[in-house]
1. Could you check the range 20-43 and list, in sequence order, the residues that are within 16 Å of ligand 2 (Cβ to nearest atom), among the hydrophobic types (A, V, I, L, M, F, W, C) and either surrounded by fewer than 23 Cβ atoms within 10 Å (Cβ to Cβ) or at pLDDT below 95 (or both)?
2. Name the single residue, out of those in the range 298-327 being of a type in the set (D, E, K, R) and assigned to a loop (DSSP other than H, G, I, E, B), that is surrounded by the most Cβ atoms within 10 Å (Cβ to Cβ).
3. Any idea how many residues of the range 166-182 are surrounded by 14 or more Cβ atoms within 10 Å (Cβ to Cβ), more than 23 Å from Met222 (Cβ to Cβ) and touching a residue at least 24 places away in the same chain (Cβ under 8 Å)?
4. For the range 248-265, what are the residues that are surrounded by fewer than 22 Cβ atoms within 10 Å (Cβ to Cβ) and not in a loop (DSSP other than H, G, I, E, B)?
5. I need every pair where a residue in the range 474-485 that is farther than 12 Å from Glu453 by Cα has its Cβ under 9 Å from the Cβ of a residue that is acidic (Asp, Glu) and not in a helix (DSSP H, G or I), sequence separation at least 6 or different chains.
6. For the range 50-101, give me each residue that is within 16 Å of ligand 1 (Cβ to nearest atom), part of a loop (DSSP other than H, G, I, E, B) and under 30 Å from Ala22 (Cβ atoms).
7. When you go through (1) among the aliphatic types (A, V, I, L, M); (2) closer than 22 Å to Lys258 by Cβ; (3) touching a residue at least 12 places away in the same chain (Cβ under 8 Å) one by one for Ile121, which number turns out not to apply?
8. Restricting the first residue to the range 30-45 and requiring it to be in contact (Cβ under 8 Å) with a residue 24 or more places away in the chain and under 13 Å from Thr92 (Cβ atoms), which pairs with a second residue that is near ligand 1 (Cβ under 6 Å from one of its atoms) and assigned to a helix (DSSP H, G or I) meet a Cβ separation below 7 Å and a spacing of at least six or different chains?
Amino acid sequence: MDLKLFNTLSRSVQEFAPLDPAGKKVGMYCCGPTVYDFAHIGNWRTFVFADLVRRTLEFSGYDVRHVMNITDIEDKIIKRVRENKTTLREFTGKFETAFLDDLKALNCKEPHVQPRATEYIAEIIALIEKLIARGIAYQAGDGSVYFSIEKYRGCGCNYGQLLKLNFDEMRAGERVSSDEYEKESVADFALWKTRVPDDGDIFWPSPFGEGRPGWHIECSAMSMKVLGESFDLHLGGEDLKFPHHEDEIAQSEGATGKPFVKYWLHGAHLLVEGKKMSKSLGNFFTLRDLQAKGFTGREVRYLLLTAHYRETFNFTLDGLAGAKTALARIKECLEKLVEFLEPNSPRITVDPDIEIINRFKAAIEDDLNVSKCWGVVFEWIRDLNRSMSQKNFSSNQAIIAIATWKTLDLVLGLDFEVKAPARVRDNTTEMRGVVPATGFAAKIEGEEEIPKEIQKLAMDRIQAKNAKNFQYADILREQIRSKGWVIEDSPKGIKLKKL
Ligand code: AMP
Ligand code: ZN
């Protein structure tokens with residue numbers, strides 16, 4: 001496996017090698033949204049980046065467990081709950097639902113686990129107790145519990161793994177209770193915030209008194225509970241490197257004595273028309289704002305995926321209009337291909353165009369070089385358009401091209417519906433979902449309408465087999481069976497039957 005990614009920890013592009021001795025399972029945690037408002041287009045850049053990382057890992061044959069938390073307790077949330085005279089769950093529930101709807105509109109794969117901070121209070125308390133027992137955390141006179149950076153460093157641990165920090169110039173040893181403290185200060189940060197009148201009824205009992213967790217400890221507790229004390233990948237926007245991620249490392253490694261995360265990936269920020277987004281400048285967009293202007297989630301996704309994740313991206317409405325044009329080119333080509341499909345063509349086994357797939361794979365595995373990937377896609381489309389304008393373009397060539405697109409789209413996630421003409425759809429020999437395959441037959445058939453969910457699992461299984469990830473392929477077979485379908489492999493492709 002040839003995937004390379006830039007690791008903020010080593011400040012270099014590294015070969016990706018998971019912690020799993022079998023080299024298959026990958027644990028990936030992405031810091032999720034703070035649900036106090038609708039997510040903005042900058043947030044979406046980071047979440048679409050996380051989706052691209054997950055899809056690329058799967059494309060490379062890994063069995064990914066993708067975790068994205070929901071930060072549903074934090075300073076800003078409490079303030080808004082108070083201002084809106086509502087309850088915590090009612091307030092955060094509304095924005096959590098909106099977030100998940102938008103995630104779908106952008107065609108991001110749903111994370112396997114989405115832990116809410118408020119449901120992990122016991123784990124958070126246990127982690128704080130461990131840090132107190134190790135002498136790295138202490139309860140201050142105000143009742144709050146703080147992490148001591150000095151004690152942590154005194155144990156030989158390194159605070160400042162993601163960013164080099166100059167402790168002499170920084171105000172180490174001071175205390176901050178806010179989740180949003182100044183980035184220039186290295187101060188002891190709050191793990192548990194003692195209850196104050198402004199918190200209203202938002203508090204939990206704990207051995208350190210009534211209160212609530214700090215933001216940083218929430219992510220340490222949730223990620224380690226779901227993925228284990230050491231896991232492979234941790235993602236977020238670049239603003240989270242310090243203090244949020246640095247503090248996550250300190251809390252986790254301080255408590256377990258083990259390395260917390262192997263690869264830290266950070267996405268650069270998004271600007272709008274060259275400026276930091278702000279409501280007062282009128283350049284602040286949520287996905288809903290853009291949808292109201294007539295753009296689709298697919299167009300926004302495409303635009304966000306045109307820039308390399310480590311480069312600052314300048315979002316403009318003109319750029320979004322350009323995305324519409326680019327997508328129309330792809331769609332038009334796919335529609336033309338469908339017209340070449342013959343209704344009564346014999347059942348044949350199709351492999352996608354291996355050369356195109358390999359060029360695309362090399363580009364995406366090179367630290368997610370999306371510019372190169374789009375280069376491959378649009379060059380291929382230009383060549384296809386040229387070939388289709390010539391007389392001898394065959395149904396078989398169209399089938400191969402559609403299979404190629406479906407394979408590339410496993411990573412791109414544009415999810416165009418490739419509609420076969422009705423007469424083809426009525427035909428029982430129809431190709432229901434031509435999918436990936438670098439080597440393995442890619443054809444799904446079934447006697448009756450196959451639910452989308454089952455088709456998707458079957459496609460993932462083909463992909464896993466192509467990547468020789470047989471263990472994961474077996475898991476998927478079992479998942480399909482548990483949903484009432486069986487898969488039969490044959491040299492011609494796969495067949496799905498109802499149990
Ligand atoms: P939040 O909901 O504020 O916790 O942010 C969710 C994610 O969005 C975090 O990973 C942030 O780093 C990221 N983020 C915030 N602003 C931007 C931006 N302008 N561009 C890219 N990512 C951002
Ligand atoms: Zn986090």
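The values are calculated or read from the model by the stated rules, or taken from the named source; none is laboratory data. Since the structure is predicted, the reported quantities are computational estimates derived from the model, not experimental observations. Positions of Cβ are backbone-derived with ideal geometry, glycine not excepted, and every protein chain shown enters the neighbour counts.
1. Within the range 20-43, just Ala39 meets the criteria.
2. Here the residue is Arg310.
3. Of the residues in that region, 1 qualify.
4. Initial filter on the range 248-265 (surrounded by fewer than 22 Cβ atoms within 10 Å (Cβ to Cβ)): 256-259, 262.
Listed by number, the residues that qualify are Thr256, Lys262.
5. Note: pairs meeting the criteria are Ile475/Asp63.
6. Asn69 - this is the single residue of the range 50-101 that is within 16 Å of ligand 1 (Cβ to nearest atom), part of a loop (DSSP other than H, G, I, E, B) and under 30 Å from Ala22 (Cβ atoms).
7. Among (1) among the aliphatic types (A, V, I, L, M); (2) closer than 22 Å to Lys258 by Cβ; (3) touching a residue at least 12 places away in the same chain (Cβ under 8 Å), Ile121 violates only (2).
8. Correct list of pairs: Pro33/Asn43.
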